[in-house]
1. Using the Kirkwood radius over C-alpha pairs as Rh, can you work out the diffusion coefficient of the stretch A:157-274 via Stokes-Einstein at 4 °C, viscosity 1.567 mPa s, in µm² per second?
2. What does the average come to when, for each residue of peptide B:385-391, you count the partner chain Cβ atoms lying within 10 Å of its Cβ?
3. Order by neighbour count: A:296, B:207, fewest other Cβ atoms within 10 Å first, most last.
4. Defining a contact as two alpha carbons under 8 Å apart and six or more residues distant in sequence, what relative contact order in percent does the stretch A:2-144 show?
5. Computed over the Cα atoms of the protein assembly as shown, what is the ratio Rg over Rh, Rh following Kirkwood?
6. In degrees from 0 to 90, rounded to the nearest 10, what is the angle of the helix A:2-17 Cα long axis to the longest principal axis of chain A?
7. Of all the residues in chain B, which one has the C-beta that comes nearest the axis relating B to A, and what is the distance in Å?
8. With contacts defined as alpha carbon pairs under 8 Å and 6 or more residues apart, what's the relative contact order of chain A in percent?
C-alpha cells in the first residue's frame, strides 16, 4: 500500500517535470478534459504549454480559450506566438476578446498590435477598455528601439508627502493592475519624479512616516527617446528592478521592468552577434523563419563583400602582370595564410571593441588610450606570431610540406629543388637554404607588419563608427577584411621586392 | 529673490546628475568633508562613486571608510574593483573589517575572496561571523560557472503550513538579511522544495490562509551543478525574479537573484563574442587588462589558425606544380574573393547556430531539420550570389578592371589581350569573349558549390560540437575557415580542369 502510494507520487512528480507536447494537448482536447487543462495551467509554466500549443489547429486552440476560465489563460495567451495570437483574435467573439485583452498588460498588447494586420489590430483596440486604449495609442507613437516603445504605463506613483500607511492601503487597492509593486515611484508637488521606494523599505518603515523620508534619492531614470541599448546598460550597471521613464518635463510617463530589460539585452546581444557574422538581423526567431527569409538576410552582405573583394582581385591581377609569380611561384602559396592571419588578428581586436562599446566599458572619447594599448599589444602579438611563423615556414620548406619549385644555378651547376624534401638527404648548397630562409623571413616580416596594421585598423573602425553614432558592429568586420586583404597583399609584394631585388 | 532660489535649485539639480570624478573626491578628502560624503552616498548610485574612488590613493580611500559610517559605505565597498578592495582589507583594523564584511552579502564576499591572495582571504574569513564563514566555505566548494558558485545562501524559506500572518511577521524579523524578500521559498514536511510565494500574493492574501494555498506550483528550479549558461536561459524563458537551487535530495540550498543572473547572461554573451572572434576569453574587464594580458589572450588562436593554414599552403603549392597558374594566371586573382565569399556564407550560418544554441532556441536533436532548412537557404543564397558574380566578373574582365593577360591564337593569327579593356574598342574574336565568359562561369559555379558546402559545414560544426557537449562558439569559426579554404580551392581547380581541359 505504501509502495503503491510512493509509485503514484513518483509518476506525478515525473509528469510535473515533463513539458507537455502538442500531441498531449490534442489528446486532452479530444477528451474535452477541462479539468486536466486547469491542472496543467496550475502546475506548468505558461511558456512550456504555449510552445506546444503554437502547433495546435486554430479550432483546438480556440476551444481551450472557450473551455477554460480566463484567470488560467490570461498569462498563457501572452506566451503564444504571433500567428496563434492572430488566429485567436480572428476567431473569438467581441465579448470573449474584451475579457482576454483587458487581462493582458498594456505593453504586451502594444507589442502584439504593432505586428498585426490593420483589421485585427483595430479589433483588439476596440476590445480594450478606454484607459488601456489611450495608453496603447500613446505607446504606439514611440519610435522602435526606444525606451518609450518598451515601457509600460501600469505603475504605482505616489506623492512624496503620502504616509506609509496610506501607501500600503493604496497598493492593496490598485496594485493588481500594476506591472510591479516592488518599486513605487515618487513625485513632488510639481509632479516631477524625485525618487523611488522599495516595497521592503515600506514594510520596515513606521506607519506614520512619509514616503519622502524613506525614499531612495540616488535613482537613475531615462527619457522616452533613450535608445534601448542604453536602457540595458542602465539595468546592468545599477542592478535595477525597474527604471523610470520621464518626459521632457521630468515627469514620469512610464516604467520599464527587469523582465522586459532582460529581453532587450538578449535582443541587443543577438543583433551584435548577427551583425558580426554579416547577417542582416531579423526579429523573427530562427525556428519561425522560412528558408527564403533566412536567405534574404544573408545575401546583402555577401554581395557587398563580393563587390568590395574586387579590390583584392585588382591588386593581385596587377601584381601578376609584374611576372613575380612566374619567377617565384611559391609566394602564391602563402597568400591565404597571410590574409587569414591578418584578418584574424584584426577581427579579435574588433570583437573586443564591439563588445566593450556595447557594454559601455569605454567610449569613443578613450580612442587614443585604447589605440595605444592595442598598438603595444599588437607589437607583442606580431612579434610572437612572426617568430613562430619564421620557424614554421622554414620547417615547411625543409621538410617538403611545401615545394620550393626552385631551380638554382651555383658555380655553373644547375640544382633542381622541385619536389625536394629533407628526407631526400640534405643538399647544402649556397642557393637553396638561403632562398628558403629568405622566403620565411619575407613571410614573417609581412605577417608582423600586417598584424600591427590590422590591429590598429581593427581598433579605429569600431571607435570611429561609434564616434559618428553609427553601430560599431555593423560595418567593422567586413570593412576590416577588405581593407586588410588589400593592405596585406601590397605589403607582401613591397617586401618581396626588397628581399628579391631581381624581380622588382 | 525667487530667481536666486531657482538658480540654486538648478545648480543642485545639475550636481545631482553629474557623476563625481576622482578629483572631486580628492578635494573632499582634503577638506575632510565628511558631511559632503554622506550627501554623496545618499544622492549618487554607489557604482558611480566607486568608479571615481578606484583611482584614489589607498590612504585616501581608507580615510573615507574610517570617516563615514558603515551604513553609507557597505554597498559602496561592493562596487569597488578588486585592487581597491584588497587595499582596504590590508589596511583596516580587525574590528573595522568585522563591521565591513558582515554588512556584505555572502555571495559577493565569496566572489571577492576567491580572487584574493591567501593571506588576505583568510583575514576576511576571520572577520566574517560564524554563519557567514560556514556559508562562504560552502560556496567556495562549488565549481566555477555552476549555479552553486553564483547562488547565495541568504533567502527566506517557510513551511507550506505556515500562515500568511506568521510569514509576514517572520519577514519583518529576518527579511533584512535576505537577498530578496519578493520571492519566498516553500518546503514541505520532508524539507523538499515545493513552490514559491510572491510577496504581492502575500499582501493580497487573507491573514489566516496557509502558504500552500497561495503558492505557485508551476515553478522551475535548478541543481547546484547546473551550468550558469542554463541558469541564464531559465531566467530568460520563465521571466524569473529568483531561482531556487536544489541539492540531490530536492532540498533548497541556495537561490540566484535576477541581478546576478543578468551579470551571468552578460558574461556568457561576452564570452560567445570573444570566442567567435577567436579570443581566449578573460574575466578581467578590458580597461583593467594590460597589453601583455591582452596579447596573451589573442596569440593562441592566431598560431593555431596559422598552423591549420598549412593545409591551404600545401594545396596551393601542389596546384602550382601542375602549371595551371602559369597557363591561366588570371585564376589566381579570384582566389581571395572565392575564399572570402565561402567563409562569409558559412560564418553567417555558424553565427546563427551559435546564438540559437546559446539561447536554447533549438538543440542538437533538431540537426536534421535545421540542416535541411540551411541547405534550402544555401541553394537560394548560392544561386543569387553566383548569378550576380557571373555578371560582375564578366564586367570586370570586359572593362579591364582585371586584366586577362591572355594571348589567343585564332586561325593562325596571334591576339594579345594583355592590358585589354573594353575602352580600347571591342575586339570580337572567337577566343577572347569565350575565355572571359568561361572564366566568369568557372568562378560563379565554384562560388555556388562553395556556398552550399560552407553553409552545410557551418551548420554541422556547431551542432556537432553541441551534441558532444562542447562549446559551439569555441571551435566553429576557425575550423570552418580552414576547412572551407581548402575545400574551395579544391573545388575551384577541379572545376577549372573541367572548363579548361587543356590544362588538366
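Every number in this text was worked out from the coordinates using simple rules, so none of it is lab data. Owing to the predicted nature of the structure, the values given are computational and were not obtained by experimental measurement. Cβ: placed from backbone, ideal geometry, glycine included. Neighbour counts: every protein chain shown.
1. Numbers: Rh = 15.1 Å.
Stokes-Einstein gives a translational diffusion coefficient of 86 µm²/s.
2. Numbers: counts 6, 0, 0, 5, 5, 0, 0.
Taking the mean over all residues of the peptide, I get 2.
3. Working: A:296 17, B:207 11.
Least crowded to most crowded, the residues run B:207, A:296.
4. Working: 108 pairs, mean separation 26.7, N = 143.
Worked out over the stretch A:2-144, it gives 19 percent.
5. Values: Rg = 33.3 Å, Rh = 32.5 Å.
Checking Rg against Rh, the ratio lands at 1.03.
6. 70 degrees
7. B:269, 2
8. Values: 606 pairs, mean separation 51.4, N = 504.
Once normalised by length, the contact order is 10 percent.
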